[in-house]
1. So how far apart, in nm, are the two label points at Ile205 and Tyr183 if each is 7 Å from Cα heading toward Cβ?
2. Just check the range 70-204 against the gyration tensor rule for me: Cα atoms, a ≥ b ≥ c as the square roots of the eigenvalues, rounded for a/c under 1.5, and otherwise prolate or oblate depending on whether a/b exceeds b/c.
3. Which FRET efficiency value, to the nearest 0.05, do you get for Lys70 and Ile95 by plugging their Cβ-Cβ distance into 1/(1 + (r/R0)^6) with R0 = 45 Å?
4. Given points 7 Å out from each Cα along the Cα-Cβ axis, report the Leu148 to Asn172 separation in nanometres with one decimal.
Amino acid sequence: MQRTMKHIVIGFMLLAGATATHAGESSQTMLYTDLNLNIELLDSDVLLADNRALSNVTTVPNIPDSAFKKPIFTENDLHMYLGLASMALGGIAAISAPDGFDPDLLNTVHYKAGKLSWQLGAAAIGTGLWAHWDDFHLEDGLLDRDNLHVILGTLGVIGYYLAVKDAVDEYNVQNAAGVRTGYPSENHSSAGTFGGAAMLTAIVITW
């Protein structure tokens, strides 16, 4: 009888252990399933967020590199070189002035350089207004750098023009017999010197 009871107790113990083991394995399996499910849901959310982010990205147009390259020669370059050439020719006119009366003054380097200096200066003003029209604002005051550049550059060209005009007018003076007796005075050189100084200052302040 005691052996029978012992066998029954051992049987119940084995059955209880097996049941507990099975329950533990089932709990672990459920835990792993939950973890895998959560990971899969998390991955899905991340993918959806990435897709939404990519869908909100604005497409950048394919612009060729040539659109960002500066042209080899611009309107501003033309304006700059015309101004420099005008000032340089004004300097040539100054150093090539004849020492005395020259009956063929209109064919000298002095006259031709002076005439070309104001003509190129006028072209520089025209190209400058074309290229920098939006930079000139009187409301900024006359001492604004861009405004001074325009004013002094224009005065420089006017000085060159008056120098040539005065010299030619004085040169063409004739006596009663129709003989040319005129001789350019120092007035024309003063106008040329003023023009050169004004143009040089206009270039320097914006260099």
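Just so you know, all these numbers are worked out from the coordinates, no wet-lab data involved. Bear in mind that the values here come from a model prediction, so they are computed numbers and not experimental data. Backbone-built Cβ (ideal geometry, glycine too); neighbour counts: all protein chains shown.
1. Result: 3.9 nm between the two label points.
2. prolate
3. Plugging the Cβ-Cβ distance into 1/(1 + (r/R0)^6) gives 0.80.
4. For Leu148 paired with Asn172, the spin-label model returns 3.8 nm.
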